[in-house]
1. Residues that are modelled with pLDDT of 90 or more: find the helices (runs of 4 or more DSSP H) completely inside the range 365-474 holding 2 or more of those.
2. May I ask you to list pairs of residues, at least six apart or on different chains, whose Cβ atoms are under 7 Å apart, with the first in the range 68-93 being among the hydroxyl-bearing types (Ser, Thr, Tyr) and the second being near the ligand (Cβ under 6 Å from one of its atoms) and open to solvent by 20 Å² or more (accessible area, probe 1.4 Å)?
3. Quickly run through the range 201-250 and pick out the residues that are under 19 Å from residue 365 (Cβ atoms) and not β-branched (Val, Ile, Thr).
4. Going by the conditions given, is residue 186 open to solvent by 40 Å² or more (accessible area, probe 1.4 Å), farther than 30 Å from residue 234 by Cα and in contact (Cβ under 8 Å) with a residue 24 or more places away in the chain?
5. Consider residue 70 against the criteria (1) under 18 Å from residue 119 (Cα atoms); (2) more than 10 Å from the ligand (Cβ to nearest atom): it satisfies all of them except one. Which criterion is unmet?
6. Return the only residue of 203, 226, 253 being open to solvent by less than 40 Å² (accessible area, probe 1.4 Å), in contact (Cβ under 8 Å) with a residue 60 or more places away in the chain and at positive phi.
7. I'd like the full set of residues that are out of contact with any Asp or Glu (no Cβ under 9 Å at 6 or more places or on another chain), in a helix (DSSP H, G or I) and charged (D, E, K, R), limited to the range 259-313.
8. Considering only residues that are over 16 Å from residue 337 (Cβ atoms) and open to solvent by 20 Å² or more (accessible area, probe 1.4 Å), which ones fall in the range 265-293?
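The values are calculated or read from the model by the stated rules, or taken from the named source; none is laboratory data. Since the model is a prediction, treat every value here as computed from it, not as a measurement. Methodologically, a virtual Cβ is constructed for each residue, glycine included, from the backbone with ideal geometry; neighbour enumeration extends over all protein chains shown. Accessible surface areas use protein heavy atoms only, side chains included; no ligands, DNA or RNA. Shrake-Rupley method; radii C 1.70, N 1.55, O 1.52, S 1.80 Å.
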Amino acid sequence: MAAGDYTAKNITVLEGLEAVRKRPGMYIGGVGTSGLNHLVYEIVDNAVDEHLAGYCTHISVTLEADGSVMVGDNGRGIPVDRHKTGISAERVVFTTLHAGGKFDNEAYKTAGGLHGVGSSVVNALSTWLEVKVFKGGYIHYDRYEQGKPVIELKNGLLPKLGRTDATGTVIRFSPDPEIFTKTYFTAAMIRNRLHETAYLNPGLTLEFHNRRAGEEEDVVFCEEEGITAYIRELNKGKTPVHEPVLVHGVSDGIDVTVAFQFVDLFEEKVLGYCNNIFTSEGGTHITGFKTRFTGIINNYARELGILKDKDDNFTGADTRCGMTAIVVIKHHDPVFEGQTKTKLGNADAAKAVAAVTGEQLELFFDKNLETLKSVIGCAEKSAKIRKAEAKVKSNLLTKSKFSFDGNGKLANCESRDAAKCEIFIVEGDSAGGSAKMARNRRYQAILPIRGKILNVEKASIDKVLGNAEIKTMIQAFGCGFSEGYGNNFDITKLRYDKIIIMTDADVDGSHIDTLLLTFFYRFMPELISEGHVYLAQPPLYQAVPSRGPKEYLYDDAALEKYRKTHKNFTLQRYKGLGEMDQEQLWETTMNPESRILKRVDIEDFYLANQVTDLLMGSDVEPRRDYIHTHAHEAELDAWA
Ligand code: TSJ
């Protein structure tokens, strides 16, 4: 090759690294802490590749006191001989984008051909980067500043610092503050990443050293048990129902390892890795595992007579109820898709994982019947709960013919014109009775509720849906509810324009208000956001003057004002709705011409939701204050 060619190439190389410095985000995701830590991972990945190739057993990462980081391995050492471009291969690794590991020269291909392509990116984004390669009896040395080589090559080769019997690679670099907003590596993130790498590569030792002032530490990770130990770590503090299970096999050239363990909880956690890369968006390897696992469990459950002919299969979710699993594959040509390019797309990965899971797991379960029975036990529990919930739900969805008036429940209105209809949810049977008598039965429905409805913040969904008052409300409103099973709520089916909560102006009343609002907020939030929910404002007092008309007073401020303008009057204090006769109730609280309603808006409720603890706690006084201060902006409401 002519010298001129080389010079031309060298210029393009430097332009490449200049592009990295201009748009660092394109290469490392960002210039904050996450991008910064990423530099370390990019370098370490190269050493992990050397391990996968079968030549490296130890990797060491040191956060130095001066803010630089040193990464080293005991592999074969990056090749330093003359590459076909005429310069040391090491220079090609650190100055060529998308090179490193993947040399043009077939002989230098890594066994896995995996990743580790980012050394030149790290170089470009470092104030300085130093390389020491221990290889062929010598220590070879190189150095870059902002990606540019500062060492003169002799005959295309690196200078030697001295002799050595060791082999390996040591890189040290200092992130460029002109690029990064912060140049302080996060010790915990790097330490965790090294531990994760140890779980994924059993037998590989990874050391982490921190030499920074005040945070000195030295830890060594080596996980002989691999992902089995990872599973134990993920399930730490939980109650496992069996020992972790590990299966491994190769299918269609794809290496597959799966570990799982069930715990005594209704949770599912399935993690996936491809070529040591965490696939947070899942993908084909996860799908392949899940599908085959479900099939296997159903087959065994039938074989063992746990599922009878008449029984439906367990659902996929049933068979994974309580599962913690890790699916790890090695693929020669992975395709990463999805929003964050962390979803494996290769169809053959699904096939391979399914094949290995099927074969190996059957071999295992045939020999470990107790484990199998524990796992099927989890699926049975899940199916039982699922069926109970479905039953409650179908009961709710069966449209019954509004006949609860006979049961002393809902007294519906005659009109079906939802825009004109209102439903009063009334605390207590006696107030409910008065309200039924007082109402305009054409447009006003009354639903008396007894005692306190369930606190939906604390209750599980099946309890909530089993609660009589809540069932009645869902049926009466007619628009379903949203939670858990996807969104079944349809506001257009709402049978009443106004849902009016009518409770006593005392602590118990406030509590019921809060419980009802919490229920609406959780299960029918649009009722609130679309402005259909109101709090009725019954008066606190009635003033009867010696002369002139009697007056209802709705709060203490109104009473003060009344005292200033009237001398001789008697004051009746209402303790509860039950104390008013039907005429008083109509006049003061229900008659659209004269009543005061407070519309509940979503901002109020958003706030209330943030203070749920306050509202739901045992401390009654602050709760009352909250509801009452928010009822202040009461407004006169005209009949529409
Ligand atoms: F240690 C480290 F993490 F800092 C690091 C190690 C950083 C970088 C950029 C590279 C490495 C590294 C590279 N460790 N080991 C290797 N091995 C090779 O590059 C290598 C060695 C020999 C052969 C061969 O075919 O003889 C091929 C390769 C790819």
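1. Details: elements: 369-397, 429-438, 461-466.
Because the criterion is at least 2 residues that are modelled with pLDDT of 90 or more, the helices (runs of 4 or more DSSP H) in the range 365-474 that meet it are 369-397, 429-438.
2. That search, which allows pairs on different chains as well, returns nothing.
3. The answer is 240, 242, 243, 244, 246, 248, 249.
4. no
5. Condition (2) is where residue 70 drops out.
6. Numbers: 226 fails: in contact (Cβ under 8 Å) with a residue 60 or more places away in the chain; 253 fails: open to solvent by less than 40 Å² (accessible area, probe 1.4 Å).
Of 203, 226, 253, the one residue that is open to solvent by less than 40 Å² (accessible area, probe 1.4 Å), in contact (Cβ under 8 Å) with a residue 60 or more places away in the chain and at positive phi is 203.
7. Passing the criteria: 290, 292, 303.
8. 265, 266, 267, 268, 269, 270, 271, 276, 290, 291, 292
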